[in-house]
1. Within region 465-506, can you find the residues that are part of a helix (DSSP H, G or I) and not polar (S, T, N, Q)?
2. Using the structure shown, decide if Arg435 is touching a helix residue (DSSP H, G or I) at 6+ places or on another chain (Cβ under 9 Å), at pLDDT below 85 and basic (Lys, Arg).
3. Look at Ala370 and say whether it is modelled with pLDDT under 90 and over 28 Å from Tyr536 (Cα atoms).
4. In region 494-510, how many are crowded, with 17+ Cβ neighbours inside 10 Å and among the charged types (D, E, K, R)?
5. Can you list residue pairs whose Cβ atoms sit under 9 Å apart, with the first residue in region 35-51 being not assigned by TED's automatic domain parsing to the domain that holds Arg117 and the second being surrounded by 15 or more Cβ atoms within 10 Å (Cβ to Cβ) and β-branched (Val, Ile, Thr)? Count only pairs 6 or more apart in sequence or on different chains.
6. Do the conditions hold for Leu209, that is, is it assigned to a helix (DSSP H, G or I), among the aliphatic types (A, V, I, L, M) and in the same structural domain as Met79 (by TED's automatic domain parsing)?
Amino acid sequence: MPLSPKKLQGVAAYWEKFVVDGELEPGVVRSPIAESWRRCMETRVKPDKGICTRFLESDELRDLQEKQRDLIGIARPFMTHLYEYFKGSGYIVMLCDEQGYIMEAFGDEDTLKKADRGLNFVKGACWTEDEVGTNAIGTALSLKRPIQVSASEHYCLPHHAWTCSATPIFDPDGQLVGILDVSGPSDRVHPHTLGMVVAAVDAIREQMLMRQKNRELTLALNNMNNIIYSISDGLITFDGLGIIKQFNPAAEQIIGRRNSEVVGASFKEILGLHSGLINKILLNHDSFHDVEVILDNKNGQVHCLASAKPIIDDRGIFNGGLMLVRPIQRIQKLVNRFSGAEAKFCFEDIIGCSPELKETIHVAALASSAMSNVLLQGESGTGKELFAQAIHNSSHRSKGPFVAINCGAIPRDLIASELFGYEDGAFTGAKRGGRPGKFELSSGGTLFLDEIGDMPLEQQVALLRVLQDKKVTRIGGDKTVPVDVRVICATNKNLSREVEKGNFRQDLFYRVNVITINIPPLRERPADIPVLFHYYLERTGNECGKQIAHVDPEVVECLSRYRWPGNVRELQNVVERMISVAEQDRIGIDCLPAEINGFLPAPEEEPTSVFSQAVKIAEERERRKRQQSEKEHQQILSLLAFHGGNLSRVAKELGYSRTTLYRKIKLLGIEY
């Protein structure tokens, strides 16, 4: 509590005694002032001085003002208000930082000049106790609480003509960041001055808190906008009347409309949702989650999953909502990815060197660049799915899903639901919410229908319709879903004969039999048997952790003579069995199954005649083909150089189409 003028006179007399002998009697001087005097005496502050000698250079002051720009900006209006109140009374208003340096000052020009000339009480000056003795600024810094210091309460004599009221400024985190001070003539001291300074600092702190909250809100809003504009799901916000307020880039891409076209338009008009869903969110204020919807798109319609949630304020009033839309194709890709619905094999993974196999690979490679349906024909175990995966991975659909289904392994009454999907409650045992079929799951990629010849006749009609219309209707549903699927079928049956027998529809046969690829059985390509044997021997040995160092020649001879009714799959199984029963690191004739062991030639026969003949034929074919390739490689290179890389002219001179030339360049590994 500030002292009355009468008490201040008593303090003046006591101050003179203290600066001489350094003794204090309790109760004469306020305890904060007495403690400050002791601190000043201990730090050897000269009581007859009190003139500031510690200043910031002009550039240092500018740096400080820039650093404290926010505090100065907040405090300046309140300092101006205080100055207007004291204007003409000889008072000045000062703002200091947490170290006591004056950053900003308001006051009458005469008073400011007086403070400058007599005390160096100006911007950039340090006004701490150890610099200028007991004063409101320095003592408030030490005490960290408001204080008024008047007349002889100051430790230094030149300050006795002043009265000062100062209050610390704490930021919202409780850190001391500055001091607000009002100083004027000591004969005009007023007990309410300190209260006004405290009130001003409270207002400054409220503004600081508000600014911090605004910054936090701005940061939160920026973070939210960053999330909204970076997520892959389409996000749409709307008000209580269903008017769209926000439309993120993902929604622009999914719906096919720009933000500028959509914001301000009706929710129903833009999205074309069923009225039931619109009423659920707009009228009933109910949320819904992962509901399948068909949204209008500039280019048609898009199949999506939609989720919506109402926004209710603290008074329970509906203020709009937000909706997320996800293209179902993207979700299906994730499902396919994690459920293993992807093709792992390429043409390079097909093992063999026989001309028959290489020709089959060549035809399949040409088929991969087309969009037509493919029919793979071959005995069980020849690698039909391996070829199907290779065709997919070599096509422009390689980034899409590869979904395989065995038509002969699914019960007749379930194959339709597997292929076309079903709606909620379509039949007893149907999963809640329904389920997409293989056609929907493979949209954008390839659907591999294995054992197509075993598909029931009643389902062949539905399959034909989907292949023709490129649309699918789930069982129990009435909406059609567009599907973009390439179909590869496989069978070990002769479909032409199945058509004649009435087991397979002729119109479906023509639909799937656009490009037919016949995969030769292993017995028709004996040159591949030794190659496949050594390949599986190494791979299976690595998997089992058992390396085979020696194989008896008779083993390969027996394998080459055997007919292999189970084809490559049977050979793979035989190799695995041989490795399992082999002793140490050797495979002999005793490791062969009995049915293969019997194919060892009699002693009077040439022991390796069949095998040698097959190898020689294969080697001769490879040699001729290699010579032809080298010749062709050099010829194309020369013509490319001659025509400056003009492919049309090179193709014309060789008598090829451009497509054939492209294929030759790729097969021969020519860079141009």
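1. To start, the set of residues in region 465-506 that are part of a helix (DSSP H, G or I) comprises 465-469, 495-501, 506.
Passing the criteria: Arg465, Val466, Leu467, Asp469, Leu495, Arg497, Glu498, Val499, Glu500, Lys501.
2. Taking the combined requirement at face value, the residue satisfies it.
3. Working: modelled with pLDDT under 90: yes; over 28 Å from Tyr536 (Cα atoms): yes.
For Ala370, the condition - modelled with pLDDT under 90 and over 28 Å from Tyr536 (Cα atoms) - is met.
4. Number of matching residues: 2.
5. If the second residue must be surrounded by 15 or more Cβ atoms within 10 Å (Cβ to Cβ) and β-branched (Val, Ile, Thr), no pairs are left.
6. Judged against the criteria, Leu209 is a match.
Table: residues versus (1) among the hydrophobic types (A, V, I, L, M, F, W, C); (2) without any contact (Cβ under 8 Å) to a residue 60 or more places away in the chain; (3) touching a Lys or Arg at 6+ places or on another chain (Cβ under 8 Å); (4) surrounded by fewer than 23 Cβ atoms within 10 Å (Cβ to Cβ).
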{"site": "Asn373", "(1), (2), (3), (4)": "no, no, yes, yes"}
{"site": "Leu376", "(1), (2), (3), (4)": "yes, no, yes, no"}
{"site": "Ile391", "(1), (2), (3), (4)": "yes, no, no, no"}
{"site": "Ser398", "(1), (2), (3), (4)": "no, yes, no, yes"}
{"site": "Cys407", "(1), (2), (3), (4)": "yes, yes, no, yes"}
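The rows are residues; the columns are (1) touching a Leu at 6+ places or on another chain (Cβ under 6 Å); (2) under 24 Å from Lys493 (Cβ atoms); (3) part of a helix (DSSP H, G or I).
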residue	(1), (2), (3)
Glu348	no, no, yes
Leu357	no, yes, yes
Ala365	no, no, yes
Leu376	no, yes, no
Glu379	no, yes, no
His396	no, no, no
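The values are calculated or read from the model by the stated rules, or taken from the named source; none is laboratory data. In this text, all values refer to a predicted model and were calculated from it rather than measured experimentally. We place every Cβ from the backbone using ideal geometry, glycine too, and count neighbours over all the protein chains shown.
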